[in-house]
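Working notes, beginning with the structure itself.
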Amino acid sequence: MTEVKNKQVILRDYVTGFPKETDLKIVEGTIILNIPEGSNHVLLKNLYLSCDPFMRNLMNKKDGPKDTLSYTPGYALGGFGVSKVVESGDPKYKKGDLVWGFTQWEEYSLVPSPKILFKIEHTDVPLTYYTGILGMPGVTAYAGLYEVGSLKKGENVFVSAASGAVGQLVGQFAKLADCYVVGSAGTKEKVDLLKNKFGFDDGFNYKEEPDLNAALKRYFPEGIDVYFENVGGKTLDAVLLNMRVHGRIPACGMISQYNLTEHEGVTNLTSIIYKRIRIEGFNSSDYYHLYPKFLEFVLPHIREGKIVYVEDIAEGLENGPSALVGLFSGQNVGKQVLVVAHE
Ligand SMILES: NC(=O)c1ccc[n+]([C@@H]2O[C@H](COP(=O)([O-])OP(=O)(O)OC[C@H]3O[C@@H](n4cnc5c(N)ncnc54)[C@H](OP(=O)(O)O)[C@@H]3O)[C@@H](O)[C@H]2O)c1
């Protein structure tokens, strides 16, 4: 039995309000590189970890029954990642396979086999993409836009947090359907990316718009057909006034609310009736059955350079806390990835 050092990022204590780097801690543990007799567990060497906004919710102390994914102080965070199989108790996987799915924020993880979502079959594209465009955020953008948002060719599309892991894909996928696409983001650099790299028709810095309703009227004089909701709060309120009749709002996330102890109110709800708006929340995990179809759609576009993907790469588990916490101040430019080890 080989025992090796296993660096981890653990939760120090439950979090209220905005998370801080000091809410997380790097510890040096150990792990035995063997599968317990008779178990279906898989031993993974973690390569790339995904920094995702939903991880904030898992840091809350829950009053009611605990979500199975919720974090426990003193233990490593869990999240999506790309890993290499070291040893497997499940015949579906063998040593050397590359996989993506749910793992732990540490160098090596022993995970129950069902936590692995997919074996990686295409390695001619960057492996880090399986934390983003070819992973959970990719499925989210695809399913949110086409399945939940029922996007039609040529419609007017608005997306918030538009330069991020999901947003940059929403805009590019909508452009493939000849839509008019505008995004909002929090810096000039990000807005420039929307227009010059991702091919959005336009974009604006929401932090520099004192009146979001007026800004949306300027960009959408005829109204919005599909609003891909990533932020919630004031943006959602202003969007409701600017939706077209029979508009759709796939509610993907509301990051502006995740760290507030009292959530902001949304006041323009009567628009939902007058304009017959459909607002539908969704979770990427409901759509993994579409993954093979999604890969067939997206891989050729990546290979032909018709879809690009911007990543923000942090190196080393030591930089995990700042990379994760940075999502909530907009520090990341593109998909935030954390490198644990290169293959
Ligand atoms: N339903 C699902 O299955 C699912 C799956 C994946 C993601 N999501 C949700 O989708 C959204 C985007 O996730 P992502 O992974 O693509 O993250 P991301 O956009 O790559 O990173 C988060 C970004 O959110 C923006 N932000 C942070 N605080 C904000 C605030 N108070 N107001 C407005 N914007 C703020 C920042 O960009 P700026 O600089 O532009 O402010 C930040 O860079 C999140 O709400 C997330 O929870 C949902």
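Values in this text are rule-based calculations from the coordinates and carry no lab data. Quantities reported herein were computed from a predicted structural model and do not represent experimental measurements. In this analysis, Cβ positions are derived from the backbone assuming ideal geometry, glycine residues included, and neighbour counts consider all displayed protein chains.
Fully extending the segment from residue 259 to residue 153, taken as 0.36 nm per residue of separation minus the present Cα-Cα distance, adds 34.5 nm.
Sparse packing (at most 11 other Cβ atoms within 10 Å of the Cβ) combined with a DSSP loop state is found for the following GluC sites (Glu not before Pro) in the stretch 266-341: 304. Using only the C-alpha atoms, the convex hull of the stretch 270-336 corresponds to 195 Å³ per residue. In terms of the Cα gyration tensor, with a ≥ b ≥ c the square roots of its eigenvalues, is the stretch 136-285 rounded because a/c is under 1.5, prolate because a/b exceeds b/c, or oblate? Rounded shape, in that the Cα axes give a/c under 1.5. Sites listed here are GluC sites (Glu not before Pro) in the stretch 43-151 whose DSSP assignment is loop and whose Cβ has at most 10 other Cβ atoms within 10 Å: 121. With the convex hull drawn over the C-alpha atoms of the stretch 215-311, the volume per residue is 158 Å³. Packing-based ranking of 201-210, 133-142, 6-15, 21-30 yields 133-142, 6-15, 201-210, 21-30, ordered from highest to lowest mean Cβ neighbour count within 10 Å. Once the C-beta distance of residue 273 and residue 28 is scaled by a Förster radius of 56 Å, the resulting FRET efficiency is 0.45 to the nearest 0.05. About the centre of its Cα atoms, the chain shows a dipole size close to 500 debye [charges on the beta carbon of Lys, Arg (+1) and Asp, Glu (-1) only; nearest 20 debye]. Here the calculated FRET efficiency for residue 187 and residue 119, from their Cβ-Cβ distance with R0 = 35 Å, stands at 0.40, rounded to the nearest 0.05. Using every pair of separate Cα atoms, the Kirkwood estimate puts the hydrodynamic radius of the chain at 20.9 angstrom. When the chain is described by a simple charge dipole with +1 on each Lys and Arg Cβ and -1 on each Asp and Glu Cβ, the residue from 235, 77, 185 located farthest towards its positive end is 235.
When both the stretch 1-41 and the stretch 294-338 are represented by their alpha-carbon centers, they are found 23 Å apart.
Of all the options 183, 17, 326, the one that moves most in a Gaussian network model of the chain with Cα springs shorter than 10 angstrom is 17. Beta bridges per DSSP, both residues in the stretch 84-224: antiparallel share near 35 percent.
GNM remark for the chain: springs join alpha carbons under 10 Å apart, and the peak mean-square fluctuation among 104, 168, 331 falls on 331. At q = 0.15, 0.16, 0.20, 0.34 Å⁻¹, what is the base-10 log of I(q)/I(0) for the stretch 178-220 according to the Debye formula with one equal point scatterer per Cα and no solvent? Please give it to two decimals. Result of the Debye calculation: -0.33, -0.38, -0.57, -1.18.
Amide H to amide H, with H built 1.01 Å from N, residue 310 comes under 5 Å of 335, counting only residues 5 or more places away or on other chains. A straight Cα-to-Cα reach below 19 Å connects residue 188 with the aspartates and glutamates 201, 202, 208, 209, 211, 311, 312, residues fewer than 8 places away in its own chain not being considered. Sites listed here are trypsin sites (Lys or Arg not before Pro) in the stretch 238-343 whose DSSP assignment is loop and whose Cβ has at most 13 other Cβ atoms within 10 Å: 276, 306.
Using a Gaussian network model of the chain in which every pair of alpha carbons under 10 angstrom is joined by a spring, one finds that among 234, 45, 84 the greatest mean-square fluctuation is at 234. Centre-to-centre separation between the Cα atoms of the stretch 102-127 and those of the stretch 198-271: 35 Å.
Listed by chain and number, the lysines whose C-alpha is less than 21 Å from the C-alpha of residue 20, apart from same-chain residues fewer than 8 away, are 7, 61, 62, 335.
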